[in-house]
4 protein chains.
Amino acid sequence: MANFKGHALPGTFFLLFGLWWSIKYPFRHIRKRERQCGDGDRDRQKHTVLFNRIDLIEGALKIFFALLVSYKWIMAEQFVPDGPHGHLYHEGWVKLMNWQHSTMYLFFGISGIADVLSMSSRHVPVGLDRLSLSLALFVEGFLFYFHVHNRATLDQHIHSLLLVAVFGGSANTLLEVFKRDNMVLEFSRSSLAILQGTWFYQIGFVLYPLSGPPWDLETHDNIMFITMCFCWHYTVALLIVGICYCGVFWFSKWCDRRQAGDMEMGLRKCTASDSSSQKALLQESDEE
Amino acid sequence: MANFKGHALPGTFFLLFGLWWSIKYPFRHIRKRERQCGDGDRDRQKHTVLFNRIDLIEGALKIFFALLVSYKWIMAEQFVPDGPHGHLYHEGWVKLMNWQHSTMYLFFGISGIADVLSMSSRHVPVGLDRLSLSLALFVEGFLFYFHVHNRATLDQHIHSLLLVAVFGGSANTLLEVFKRDNMVLEFSRSSLAILQGTWFYQIGFVLYPLSGPPWDLETHDNIMFITMCFCWHYTVALLIVGICYCGVFWFSKWCDRRQAGDMEMGLRKCTASDSSSQKALLQESDEE
Amino acid sequence: MANFKGHALPGTFFLLFGLWWSIKYPFRHIRKRERQCGDGDRDRQKHTVLFNRIDLIEGALKIFFALLVSYKWIMAEQFVPDGPHGHLYHEGWVKLMNWQHSTMYLFFGISGIADVLSMSSRHVPVGLDRLSLSLALFVEGFLFYFHVHNRATLDQHIHSLLLVAVFGGSANTLLEVFKRDNMVLEFSRSSLAILQGTWFYQIGFVLYPLSGPPWDLETHDNIMFITMCFCWHYTVALLIVGICYCGVFWFSKWCDRRQAGDMEMGLRKCTASDSSSQKALLQESDEE
Amino acid sequence: MANFKGHALPGTFFLLFGLWWSIKYPFRHIRKRERQCGDGDRDRQKHTVLFNRIDLIEGALKIFFALLVSYKWIMAEQFVPDGPHGHLYHEGWVKLMNWQHSTMYLFFGISGIADVLSMSSRHVPVGLDRLSLSLALFVEGFLFYFHVHNRATLDQHIHSLLLVAVFGGSANTLLEVFKRDNMVLEFSRSSLAILQGTWFYQIGFVLYPLSGPPWDLETHDNIMFITMCFCWHYTVALLIVGICYCGVFWFSKWCDRRQAGDMEMGLRKCTASDSSSQKALLQESDEE
């Protein structure tokens, strides 16, 4: 996958997941808060079922992506007339790079399976989905770490910057095993996923420029620029996640207001109790 | 112990412990949940005693293994007619490698002693058993780290991959000192133990191949393959632990159903209260 | 910014923030304790509003500083007649160092924005302000880490000591996301900020001495002295924070005593209940 | 202090503290448990005061030691007729090594001051004593890390093993800031202090042998032996702490029994309620 497309594909994958998470989590938190303000038992039931179904689909999509990538690769490179036909060793290791990439996707597939299991059975230990995602990111970073040996300086550097995002995401998700449903952690996980996504694109642009002259892979100035560029990518990622959070919040408020036309009285009561419970919460966290 | 057997022995040790843990822990959790659903005080007492006895035996086995390995080694290499007869220094250090391996086993013996103490006295601080296991794994990794100095590249790499499993297990067990009886941590500890077990075998196969030509210990491709292979081992370890968990769960369900023939009414009540408490738990973790 | 002023500026910035924090936090804790001892609801309201406003101003100041520095730099170096006029690339990267420094300030600006948002809306997740400050410090350290490549030994060493303070502060603030309003963490954050401030000055004095001969940047003795010097800086930082804490405490006691002239009876009751709640707290933490 | 005595002095210091802690902490826990079993309010008061006084003395001793060492050194090396008379710089840095050692003692003095403050005022934030001890250990390790540059291989290695004990102790104490009065952490802190103490002696014996030929500082076998030896030291440290814990426990039991001659009835009741509360505690930790 040593070309631009090979980097754009995982980049798109992470970008989409980052965006999706930065919409899903604030939405869930807003719904959860609303449930606390006196909605009927029927509504609560409905929302829990809805979110479980969404998580189920998310897991299924992960499995699907992992299978798709593996399948495409198998068809494209393994079983062509003069391909290795699934042999890993034939007078030396065959297409090791591709096997490595498949291994990475394999662990994201496992993470998908853990998601599906967590949602479909109540006997699966809480936090297994987060642990498997953390593991998938760790394995990705682990393989990348030994991946870029013996390459040009800038090539190594740009990949080691990727590792910051990957291992950062892995550590973040590991924390979520123990601090589940923590908004700050979900916020930073979303932003790190988007960072990874855009950075994969950046790697593609630098190593396989679509136009213009190739980059000088040994100059120190280029390394310094790329380091700084990584920080700018994160600024953009933070901005995107921030906008998504605000968007979801305003959209949810607008929906509530429209609903209020139908049943004005009920909402007014709810808002009152909501704000008072909010105040209590604020004092509580203040005195913690 | 620089031969295949020397790597197969600890491999078997960790493999067995990993398998044993992946049966013991889900079993304990299922029993604990059942106890909460209205079983008599007599049953609860019975299970607590049973699990304490199992932990006691586990500790005793660790001590026994540690002693056995030390004894066998002492008889085989120390007190043969021209052996060093227990001398550590005789015109240079004598059989340092063996002393190092014995030191590793010593700490697993200490861990066994801590297990036995924890179970036999209620004055031993809670968590000492986990701390001593974490320590034993740390010492194993610590000695391995300085063990492979000045060796071939692949030899060093394959041992440093082992260290990932060893230190991962140590950190995992250290967390369990503070988050006791956390199913996710027990799950990952079991899988890391199995990974260590199978990886010891892999090291044996690579460095002392039973048949076929020896591996080229300097090629970069071999290093890349071994790194990837490590991930596959972990996939297998996760699969094994997953199957054990499912197996224990289904076996336990099947037992309950057979028991239900005897006392149908009691169980039905219990299941109802169980599922309702489950629902409460779900909501609680949801709102956390 | 490779001159004395370029190091004095951020030094002053951190020094001021460290001093400010070591006054703000003990003050807040004393007020919080007083609120618990039966003050009217009116007083409590007043103090919460006061402290929120202070945090708001702190955030605004951060944004203002970040903008000011960027603006000054843009005017001074970018848009002079023969400057690069905002171009980053013109036959090689232009003024990379300055762009790097601006990037650091950018993240402190983001931290300021997070502060302002946290205070002005109750929908922003609790802990986002701390996370963004931790991130700003991490980015600072991250850029510094790649900043000092290819320099003299002492230059590298003196900057890597700075990294100890920077990453220490970042880790400290990250912990505060989860352990909010922990006095010990606030104490050490204040001291680390002051350490960073004074150390920036020290770097300036060593690399760009105002008078006297330049330092020998390669002698091992100089490196050993600078390492030790770093510890002395921290001693001073601890001393300063300690004095601030004591000062705030005594000032607050003196205020209370003066107030007591007006309404003696109320205070006496308050002190009694305060000391008894203190005793209860002491026992509680004792038995924890 | 590059002689045997210079290593024996801090070794004795840490050994004594380790032994003292491994007696103080189990004693405190046993007394705390007894207080919970219905002793009068008078007894509780008495014990709290006793333990506070003990901690006060411990802090004062730390300050005293730190001052004594500094004083002795100042008298012995600074103000002799041809000494540097307190000058740090005189045609090059003067006696840097000694200044470094004094800096280490300085931070243990600060830790002592924090102990004294914590015990004498209830306004000092809880955990400051642990934080300052953690800091003192960190500074010790930090200075040692840059201390052994450019030395023989074995010299470097034996000091880097010391760092394992030092940084381990620092991390352990940092955890205690947040998990105060955790018996397992206190146990491991005591053992790490003893390990540090005996290892200082070991360093003295290896680098400045009292008798016999000097060690070969470059052989790889010596390095391997020393690594293993470090593990044996820890085994001994664990054994010592274990014996102290058991000793304190049995001594306390023996005292209780003697006391029981005087007031048999009261104790019997107490034991009963104690064991039942123990059982409740066991179940609680079991179901956690």
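The values are calculated or read from the model by the stated rules, or taken from the named source; none is laboratory data. Quick caveat: nothing in here was measured; it's all calculated off a predicted structure. A quick note on method: Cβ atoms are made from the backbone with ideal geometry, for glycine too, and the neighbour counts reach across all protein chains shown. Note: accessible area is taken over every heavy atom of the protein model, side chains too, but ligands, DNA and RNA are not part of it. Shrake-Rupley method; radii C 1.70, N 1.55, O 1.52, S 1.80 Å.
Key figures
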{"read-out": "Options D:SER188, D:SER132, D:SER170; residue that is at the interface with chain C (Cβ under 10 Å from one of its Cβ atoms) and small (Gly, Ala, Ser)", "value": "D:SER132"}
{"read-out": "Test: residue in the range B:167-185 that is in contact with a Pro (Cβ under 7 Å, 6 or more places away or on another chain), of a type outside the set (Phe, Trp, Tyr) and surrounded by 17 or more Cβ atoms within 10 Å (Cβ to Cβ)", "value": "yes"}
{"read-out": "Checklist (1) open to solvent by less than 10 Å² (accessible area, probe 1.4 Å); (2) away from chain C (no Cβ under 14 Å); (3) of a type in the set (D, E, K, R) applied to D:ASP155, failing item", "value": "(1)"}
{"read-out": "Residues located in the range D:202-221, provided they are within 12 Å of chain B (Cβ to nearest Cβ) and either closer than 25 Å to D:LEU9 by Cα or assigned to a loop (DSSP other than H, G, I, E, B) (or both)", "value": "D:GLY212, D:TRP215, D:ASP216, D:THR219"}
{"read-out": "Given (1) under 21 Å from C:ILE23 (Cβ atoms); (2) at pLDDT below 80; (3) open to solvent by 30 Å² or more (accessible area, probe 1.4 Å), number of the condition C:HIS47 does not satisfy", "value": "(3)"}
{"read-out": "Among (1) in a helix (DSSP H, G or I); (2) touching a helix residue (DSSP H, G or I) at 6+ places or on another chain (Cβ under 9 Å), the one test that D:ARG151 misses", "value": "(1)"}
{"read-out": "Members of the range D:110-135 that are part of a helix (DSSP H, G or I) and of a type in the set (A, V, I, L, M)", "value": "D:ILE110, D:ILE113, D:ALA114, D:VAL116, D:LEU117, D:MET119, D:LEU128, D:LEU131, D:LEU133, D:LEU135"}
{"read-out": "Condition check for B:GLN196: part of a helix (DSSP H, G or I) and either among the aromatic types (Phe, Trp, Tyr) or open to solvent by 10 Å² or more (accessible area, probe 1.4 Å) (or both)", "value": "no"}
{"read-out": "Matching residues, the range A:89-146, being in contact (Cβ under 8 Å) with a residue 60 or more places away in the chain and of a type in the set (Asp, Glu)", "value": "A:ASP115, A:ASP129"}
{"read-out": "Candidate set from the range A:242-257 (those that are small (Gly, Ala, Ser) and over 30 Å from A:ILE158 (Cβ atoms)); member that is most open to solvent (accessible area, probe 1.4 Å)", "value": "A:GLY247"}
{"read-out": "Count - residues of the range B:99-114 that are farther than 15 Å from B:PRO10 by Cα and open to solvent by less than 20 Å² (accessible area, probe 1.4 Å)", "value": "3"}
{"read-out": "Candidates C:TYR201, C:TYR208, filtered to the one that is at pLDDT 90 or above, open to solvent by 20 Å² or more (accessible area, probe 1.4 Å) and under 20 Å from C:VAL148 (Cα atoms)", "value": "C:TYR201"}
{"read-out": "Which numbered condition C:LEU162 fails, given (1) within 12 Å of chain D (Cβ to nearest Cβ); (2) among the hydrophobic types (A, V, I, L, M, F, W, C); (3) open to solvent by less than 10 Å² (accessible area, probe 1.4 Å)", "value": "(1)"}
{"read-out": "D:SER120, sole failed condition from (1) buried (at least 23 other Cβ atoms within 10 Å of the Cβ); (2) under 30 Å from D:VAL248 (Cβ atoms)", "value": "(1)"}
{"read-out": "Test for B:THR219: is it crowded, with 20+ Cβ neighbours inside 10 Å, touching a residue at least 24 places away in the same chain (Cβ under 8 Å) and not aromatic (Phe, Trp, Tyr)", "value": "no"}
{"read-out": "Enumeration of residues in the range D:230-241 that are surrounded by 15 or more Cβ atoms within 10 Å (Cβ to Cβ) and either at the interface with another protein chain (Cβ under 9 Å from one of its Cβ atoms) or modelled with pLDDT under 85 (or both)", "value": "D:PHE230, D:CYS231, D:TYR234, D:THR235, D:LEU238"}
{"read-out": "Odd one out for B:PHE138, checked against (1) open to solvent by 40 Å² or more (accessible area, probe 1.4 Å); (2) part of a helix (DSSP H, G or I); (3) farther than 25 Å from D:ILE226 by Cβ", "value": "(3)"}
